[in-house]
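K.L.:
Have a look at the structure that comes next, please.
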Amino acid sequence: MVTMEIKNFTGKNIAQDQKFIDTHVHLCFNTPIFKRIASQNKITFSLDALEMEMDKNGIEKAVAIGIDMVSNRLISEIARKSERFIPVFGINLENKSNFRFYFDNAKKMLRDGKISGLKIYLGYDHFYANSRVWEPFYRLASEYQVPVVFHTGDTWDAMRKKEFLKYSQPLAIDEVAVNHPDIKFLLAHAGNPWIDEAAEILFKNPNCYADISGWFFEERNPALLGLMRRKLVDLVTVGGSNKVLFGTDWPLVSFHSYIRLVTGLFKPAVLKKIAYSNAKRFWSAKD
Ligand SMILES: [Zn+2]
């Protein structure tokens, strides 16, 4: 347990005594665009620096999400050496002919116990969540009982060549959730800016959850902090306090700025769920 003094959005100092699981970080230490954004955010982008930052901010564990096969191999290697990281396999179908390559690797890594989930990049890849192209991956998730994370909402145009928001709007996930009741789904970024839509999908489907990562870049747009805090309260009210998971998108944002986002908004029991226990349950194989 870490105790620290941080300022909430009104600038008031408040005592922070909460441990966190960050359900959304990227450890692609060799990817130029991530290196560049980390340096813009004045974040030292290395595993050692990350662990130090996690300690400083009370972050016990982090879910490391791959973006391609290079980073998938890297995160599974990091997670093999440290229990602090949960590796999630990123599927990249920017080039559709990569399907076999990603499917075979996902299957092998699941079979070998090297990964704990799959991530589908809706919007970056040009298929809706309910497209037949993903069905073989849903079958894998069901067979190995691992969650599926979806990128939802706004896209980061530096990451791939072309993105289309129609694919990353959350609504199509409803059909997938209904048709695959045995799989847990996580809507990364809670569909921002379609947070109401994501909240309804959480409310309706017992197997759907959302993380709050990547909502804002406080360093560049401080006005967004107040707006996103209001949206977070709406998401928890409609979606349910058991369904919302803390996540940052580090190194796109700092841990500190994200802890400011959630601080002072909820009763301690609710904050504990969002910061820690929902993720603990979600990523545990038994639940
Ligand atoms: Zn991300």
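The values are calculated or read from the model by the stated rules, or taken from the named source; none is laboratory data. For clarity, every value in this text was computed on a predicted model and none was experimentally measured. Don't worry about glycine lacking a Cβ; one is built from the backbone with ideal geometry, like all the others, and counts go over all protein chains shown.
K.L.:
Give me the pairs: first residue in the range 26-41 and more than 11 Å from the ligand (Cβ to nearest atom), second residue assigned to a helix (DSSP H, G or I) and charged (D, E, K, R), beta-carbon distance under 9 Å, and six or more apart or on different chains, which are they?
P.N.:
What qualifies is Phe29/Lys35.
K.L.:
Here is a follow-up. Looking at the range 194-233, which of its residues are within 16 Å of the ligand (Cβ to nearest atom), more than 19 Å from Asn41 (Cβ to Cβ) and outside any strand (DSSP E or B)?
P.N.:
The one that is within 16 Å of the ligand (Cβ to nearest atom), more than 19 Å from Asn41 (Cβ to Cβ) and outside any strand (DSSP E or B): Ala198.
K.L.:
Can you pull out the residues in the range 234-279 that are under 20 Å from Pro193 (Cα atoms), in a helix (DSSP H, G or I) and among the polar types (S, T, N, Q)?
P.N.:
Thr237, Ser257
K.L.:
Looking at the range 251-284 only, could you name the residues that are at pLDDT below 95 and either within 16 Å of the ligand (Cβ to nearest atom) or acidic (Asp, Glu) (or both)?
P.N.:
Pro251, Leu252, Val253, Ser254, Phe255, Ser257, Tyr258, Leu261
K.L.:
Among the residues of the range 267-287, write down those that are in contact with a helix residue (DSSP H, G or I) (Cβ under 7 Å, 6 or more places away or on another chain) and either closer than 18 Å to Phe45 by Cα or crowded, with 16+ Cβ neighbours inside 10 Å (or both).
P.N.:
Leu271, Ile274, Ala275
K.L.:
Which members of the range 255-287 meet the condition of being touching a Lys or Arg at 6+ places or on another chain (Cβ under 9 Å), among the β-branched types (Val, Ile, Thr) and without any contact (Cβ under 8 Å) to a residue 60 or more places away in the chain?
P.N.:
Val262
K.L.:
Another question, if that's okay. Looking only at the range 178-195, which residues are at negative phi, without any contact (Cβ under 8 Å) to a residue 60 or more places away in the chain and under 18 Å from the mean Cα position of the chain (by Cα)? I'd like the intermediate steps shown before the answer.
P.N.:
Taking the range 178-195 first, the residues at negative phi are 178-188, 192-195.
Adding the requirement that they be without any contact (Cβ under 8 Å) to a residue 60 or more places away in the chain leaves 178-183, 185, 187, 192-195.
If the condition is that a residue be at negative phi, without any contact (Cβ under 8 Å) to a residue 60 or more places away in the chain and under 18 Å from the mean Cα position of the chain (by Cα), then Ile183, Phe185, Leu187, Asn192, Pro193, Trp194, Ile195 are the ones that fit.
K.L.:
Further question on the same structure: Scan the range 74-96 and tell me whether some residue there is farther than 28 Å from Ile37 by Cβ, touching a residue at least 12 places away in the same chain (Cβ under 8 Å) and out of contact with any Pro (no Cβ under 6 Å at 6 or more places or on another chain).
P.N.:
For the range 74-96, residues farther than 28 Å from Ile37 by Cβ, touching a residue at least 12 places away in the same chain (Cβ under 8 Å) and out of contact with any Pro (no Cβ under 6 Å at 6 or more places or on another chain): absent.
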